[in-house]
Amino acid sequence: MPGLLETLFADDTATIEQVRQHTGDPQRAEQAYGAAVGTLLRGLEAKSKTTQGAEGLWDKLSKFARQGHIPQDSPARQGVEVRDMEPKAAREMLKTIFGKDAAKVEGGFSKVVKLDPEATQQIFAKVLPVVLGTVFGAAKRADEEDPEALPKVVRDARKEVEQRQPKTAGIFAAIFDQDHDGDVDLTDLAGIFLRKPK
């Protein structure tokens, strides 16, 4: 059975193309997209490890879905183009996911992916609805009650990223490490979420 990434993220070329507006070339767009998706999955996994965290996150996802900030399901399943999340809503969601470290995570992303803060914010605004809609839809379809399904959904997705390309674990660790110095090779992020030819 295809994993969550293969089933739901594989054909999201539309979002990658939008990200390219801020990176300048297709490969860097894929790298930035992959880094943003992986960063969000790691944050969601950490947040949902406790019952309180999972329930709070689920309440926020449900609220954002009702308000139209995120789709009710994976955009790939719906076949629709998702609009960018409004800046205020994106900041609110990043704070929900990362807590007081939200700004540090954005800063780490900017440093590793080598984008300015404004471009970083715009990329997260594009990627947040895709990731959250996918996770939200997958949790709703799971056998468990929605908040209980959330940790497994994001954990499995994060594991699949690192199984596809083990070196990505170091990339995401660098994003979360504020003291990291030196360049990070992002080559392994390019194309990680695109469907492979059969």
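Tabulated results
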{"read-out": "Pick from region 36-45, criterion of a type outside the set (D, E, K, R) and over 8 Å from the mean Cα position of the chain (by Cα), ranking: farthest from Pro147 (Cα to Cα)", "value": "Gly43"}
{"read-out": "Phe172 modelled with pLDDT of 85 or more and among the aromatic types (Phe, Trp, Tyr)", "value": "no"}
{"read-out": "Residue within region 109-123 that is under 21 Å from Ala35 (Cβ atoms) and within 10 Å of the chain's Cα centre (by Cα) present", "value": "no"}
{"read-out": "Tally, over region 85-107, of residues that are over 16 Å from Asp177 (Cβ atoms) and of a type outside the set (A, V, I, L, M, F, W, C)", "value": "9"}
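The values are calculated or read from the model by the stated rules, or taken from the named source; none is laboratory data. Quick caveat, the model's predicted, so the values are computed rather than measured. Note that each Cβ is placed from the backbone with ideal geometry, even for glycine, and that neighbours are counted across all protein chains shown.
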